[in-house]
Each structure stands twice: as C-alpha cells, then as structure tokens.
Amino acid sequence: MNKYIVVNQTDKWSFSIENIKVISSQDYLTNPDFSKIKKARIFNLCKDYSYQSKGYYVSLLAEARGHSAIPTVKNIVDLKTIKLVRMVSDEFEETIQKSLKGIKSQEFTLSIYFGQNVAKKYKELSGLFYKHFQVPFLRVKFNYTTKWNIQSIKAISESQIPEEHMESVHVFANQFFSKKRYDTPKVINSDFDLAILVDPNDPAPPSNPKAIKKFIDIAEKMNIYAEVIEPKDLSRLTSFDALFIRQSTDVNNEAYAFARKAQQLGIAIVDYPDAILKCCNKVYMAEALQNANIATPKTIIVHKDNRDTILEHTGLPCVLKAPDSTFSFGVKKAKNEAEYNALVNDMLKESDLIIAQEFCPSTYDWRIGIMDDKPFFACKYYMAKGHWQIYNWNAKKKNEQDGDADCLPIEKVPKNILNMAIKSAKLMGKGLYGIDIKVVNKKPMVIEINDNPNIDFGVEDEYYGDNVYIEVLNTLKKRLE
C-alpha cells in the first residue's frame with residue numbers, strides 16, 4: 001500500500017520518515033493522479049482540521065477515493081462536538097484521576113504525539129485519547145476543581161510542538177509510521193427500545209407527522225417500543241436500544257451528535273454517522289461517484305486556483321452547490337458569468353472547495369429508496385411550479401414550494417435506473433438512502449445521494465403502504481440481533 005503524509009507546506013516539514021512520501025494538501029486535493037491510486041494510506045497532518053478547511057477535505061476525499069485516512073472525518077468531527085468530548089471525559093474518568101493524581105497545580109496540559117507523551121507515566125492516558133480520536137498531534141487541557149476535568153481537546157500542528165519535545169516526537173513518528181496496523185474504535189451491537197429523533201422546528205423534516213405516527217403504530221405491532229425524542233434529549237439516548245433519525249441531518253447539528261453517541265454506545269442506528277458525513281458533503285459525493293464511473297452531470301470541484309476555467313467545462317447556465325447543501329438549500333443556478341463570479345465569491349468564503357455542475361433540466365427526478373442495498377420504494381418527483389428544482393423555498397405560496405410526486409412499484413422502474421441507484425448506495429455503505437436520478441437524452445445520471453431521505457405518509461408509502469415502514473423497522477431489528 002502506498003503511504004503519504006499530507007501537510008500544508010512540504011518545505012516546512014522537518015521529519016525524516018523512510019518509505020513514505022510527503023505531499024502538500026493542495027496537491028492531494030487537486031492533482032487528479034491521486035484520485036486514480038487504488039490503495040493508499042493517508043496520514044493527514046494538516047495544520048487545520050476545521051470544517052471545510054483543506055485538512056478536513058484531505059480526510060473526506062481520502063475516504064471518497066477508497067484510501068485509508070488517519071484521522072478520519074469522523075475523528076475530526078468528534079473533536080468539535082462538545083457533547084462527545086464530555087462523554088469521553090466520563091468514559092476516561094478513572095484513568096484521568098489516577099494518571100493526574102499528585103499534580104500540585106490547578107491546570108495541566110497533556111500533549112499527545114502519535115499516541116504517546118514525552119513522560120512515560122502518561123502513556124496509558126495518552127493511548128486512550130489517541131485510540132478514541134485517532135488524531136496524530138493532540139493537546140488536552142485539564143483543570144482541577146474537586147477533581148480533574150477535561151477543559152478542551154484540540155488538534156495541533158507541527159509548528160505548535162515545543163522544541164524540547166521534537167526529539168521524542170521524531171522517535172514516536174518513526175515507531176508510528178513503521179506499524180502495519182492502526183487501532184480503530186470498535187462498535188458493539190445491542191437490543192430493543194426505539195428512539196425516533198424529530199426536531200419540531202425542522203424547516204424540511206424527512207417525515208411528516210402522519211408518517212411518524214405510522215412508524216410508532218407499526219413498531220408496536222412488531223413488539224418494538226417506539227418513542228419520539230427531540231434534540232434536547234441527548235442525555236436520554238442511553239435508555240434506548242435503537243435510534244431512527246427523522247430530522248434533517250448535518251455534520252454540525254444534533255443529528256450527527258446523536259448518531260455518533262449511539263454508535264459509541266452500541267445502539268442500533270439508521271443512519272450511521274458515516275452516512276451523514278459522506279452524504280452531507282457534495283465534494284465527497286462527486287469524487288466517489290466519479291471514481292466508481294457512475295454517470296453524473298459534468299461535475300467539477302471548484303477552488304480558488306481553477307475557478308476561472310470552470311465554465312469552459314460546464315457551460316451556462318451552471319449549478320453551484322455548497323458542500324453541505326440539503327433539500328435544495330445552498331444550491332444556486334448561475335445564468336451568466338457575472339452571476340457565476342458573484343456566487344463563487346460568496347461560496348468560497350464559506351468553504352475551500354465547492355461543486356459546479358452542468359445544468360440538466362428535466363420535468364422530474366427519479367427517487368429510489370434503498371435500505372441496506374435493497375430498493376424498497378420508487379417515486380417520480382416533479383419540479384416545483386415554475387421552478388428548476390423539486391423544492392422552491394422562495395415560492396410565495398406554501399403549496400407551491402414542492403412539486404407533485406408519483407409512487408410506483410419497483411418492477412416498473414427501468415433496469416438501468418434501478419441498477420444505478422443500487423450501485424450508488426453501495427458507495428456510502430449500509431443504510432437508508434434516497435438516490436436521485438435524472439434522465440437526459442435517454443441517459444440516466446445521478447444527481448444526489450441522500451442519507452435520511454423522505455418517508456412521508458401519502459407520498460413514498462403510496463404504493464407499498466405499511467411495508468415501507470416495516471422495512472425500516474426490520475432493518476433496525478436485524479442490527480439489534
């Protein structure tokens with residue numbers, strides 16, 4: 001397997017590591033040669049892992065390309081999730097108190113380099129934090145009140161390592177990079193009460209109230225206790241055995257925190273945090289679909305260095321997508337070059353990378369519902385009245401915000417559409433997905449892979465009825481077993 005250390009600036013990298021190539025983050029993100037490599041391990045040592053930074057995208061695109069990344073995007077997001085950090089504090093409580101016993105000051109900083117600390121007495125504690133977060137350079141700050149508490153957990157860059165630590169860090173680095181296996185957290189499965197996460201303030205909930213009631217009623221018939229919980233109920237999650245997310249998902253909202261906590265507790269989930277991370281980022285999706293040779297509209301990842309050449313490939317009008325756009329939020333159409341430049345200027349302020357696609361008009365999109373690689377509903381979603389998308393959030397009348405829908409039996413879906421949907425869903429792993437496909441000039445192409453797709457009473461269940469709900473609940477039941 002090829003091994004690469006990815007840093008922001010290679011000329012500032014001071015480590016000497018054998019048999020591993022050091023490359024820049026810009027090169028890894030924009031050089032097409034790296035997307036063609038089939039087997040690679042990516043050690044992401046960028047100075048910044050913040051959301052939509054280059055460090056974030058290195059791990060995200062590594063996963064899209066089938067490369068093994070350390071840290072993974074999941075590890076990066078875990079660092080930013082305060083609720084998960086508190087959970088770690090509770091989990092490591094005994095080791096923290098034992099390791100820091102005897103320190104006289106009220107504050108203590110633990111620097112962890114490739115899972116180790118320069119002082120051997122903190123080896124166990126350093127190993128625990130590394131095994132959980134998988135971040136090469138980590139700094140944990142503690143303060144003492146009546147006991148030691150975690151104040152913050154942050155990734156640091158090579159430049160933040162004190163000079164007196166560098167000799168030890170070089171030793172730790174060589175030990176780390178010579179390993180053949182790298183620890184990954186294990187997930188344990190469990191058994192039987194179901195929490196359905198619903199946000200009452202969600203502007204575009206994936207299930208309407210009648211569908212939620214259906215899930216609860218059918219669950220009862222299947223001997224599953226189901227209860228609606230809200231974003232404020234994270235502390236209650238431990239009392240359930242399974243979690244079904246029915247609020248809009250986003251890396252930065254409660255849905256991800258719930259999914260991640262459920263995974264760490266061994267609770268059965270629909271959907272997994274990996275699915276949220278992958279589907280909520282259009283950059284990952286574009287790279288994954290391209291690598292799998294799945295047809296899409298002409299799609300290009302836009303960054304500051306290539307923005308002036310994009311329209312040569314996509315033409316006008318051009319569709320621009322924020323990486324984390326959902327339900328048509330953050331998806332814009334540029335009708336001319338001036339609009340394109342204005343939109344790109346705004347969007348690149350929020351993210352180092354965005355998506356540009358050729359505009360492919362159609363009267364409807366196929367939506368194929370997939371559960372663990374199996375299609376279980378099929379719809380045609382028609383465009384909103386007088387609009388180019390299924391949703392038109394600027395419509396003056398609420399009943400004109402979305403278009404009509406037809407629900408059909410699976411066997412009525414053309415084979416090439418169905419096969420394309422199944423293949424696309426497999427890129428994201430097991431889970432619940434809605435695959436959006438357009439047919440333009442008789443050619444099908446994937447527009448979107450949605451985690452947490454709509455299951456609304458009177459729409460997606462129109463043909464198969466209760467079986468749509470049963471399929472989801474049976475999946476959770478299997479995961480529990």
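The values are calculated or read from the model by the stated rules, or taken from the named source; none is laboratory data. Since the model is a prediction, treat every value here as computed from it, not as a measurement. Cβ atoms come from the backbone with ideal geometry, glycine included; neighbour counts cover every protein chain shown. All accessible areas refer to the heavy atoms of the entire protein, side chains included, with ligands and DNA or RNA removed. Shrake-Rupley method; radii C 1.70, N 1.55, O 1.52, S 1.80 Å.
Brief remarks on what is shown
- Inter-label distance for Leu348 and Lys101, nm, one decimal - labels placed 7 Å from Cα along Cα-to-Cβ: 5.7
- Between 0 and 90°, nearest 10: helix 466-480 axis offset from the chain longest Cα axis: 20
- Residue-count net charge about Gln26 - beta-carbon cut-off 14 Å; Lys, Arg +1, Asp, Glu -1: -2
- Put a dot 7 Å past the Cα of Lys39, heading toward its Cβ, do the same for Asn306, and the two dots end up 2.8 nm apart.
- The residues of the stretch 185-294 expose on average 40 square angstrom of accessible surface per residue, using a 1.4 Å probe on protein heavy atoms.
- In the stretch 85-134, the trypsin sites (Lys or Arg not before Pro) that fall in loop regions by DSSP, at most 12 other Cβ within 10 Å: Lys101, Lys104
- Taking amide H as placed 1.01 Å from N in the peptide plane, the amide H of Tyr225 sits under 5 Å from that of Leu194, each at least 5 places away or on another chain.
- Whole-angstrom Cα spans of the stretch 63-178 along principal axes, big to small: 48, 34, 22
- The stretch 1-136: C-alpha gyration tensor shape, a/c 1.5 cut-off, then a/b vs b/c: prolate
- Amide H contacts of Gln151 (H built 1.01 Å from N, in plane; Pro and chain starts excluded): Lys141, Phe142, Asn143 sit under 5 Å, all sequence-distant by 5 or more or on other chains.
- Each principal axis of the Cα cloud of the chain was taken in turn, and the coordinate range along them, longest first, works out to 67, 57, 41 Å.
- Comparing Cα centroids, the stretch 191-244 and the stretch 445-481 end up 14 angstrom apart.
- Per-atom-type breakdown for the chain gives carbon and sulfur 47% of the accessible area (1.4 Å probe, protein chains only).
- Rg and Dmax of the stretch 187-295, Cα atoms only, in Å: 15.0, 44
- Against the chain, whose longest principal axis comes from its Cα atoms, helix 415-428 is set at around 20 degrees.
- From phi via Karplus (6.51, -1.76, 1.60), per-residue ³J(HN,Hα) for the stretch 4-21 in Hz, x at Gly/Pro: 10, 9, 9, 10, 5, 9, 5, 6, 9, 7, 10, 7, 10, 10, 7, 6, 10, 8
- From helices alone, the chain scores -10000 deg cm²/dmol at 222 nm; the rule is -39500 (n - 2.57) for each run of n ≥ 4 DSSP H residues, then divide by the residue total.
- Theoretical gain in end-to-end length, Glu91 to Lys154 [0.36 nm per residue, Cα-Cα removed]: 20.9 nm
- Sequence-ordered 3J(HN,Hα) estimates for the stretch 207-215 from the Karplus curve with 6.51, -1.76 and 1.60 and θ = phi - 60° stand at 9, 7, x, 5, 5, 4, 4, 4, 4 Hz, glycine and proline given as x.
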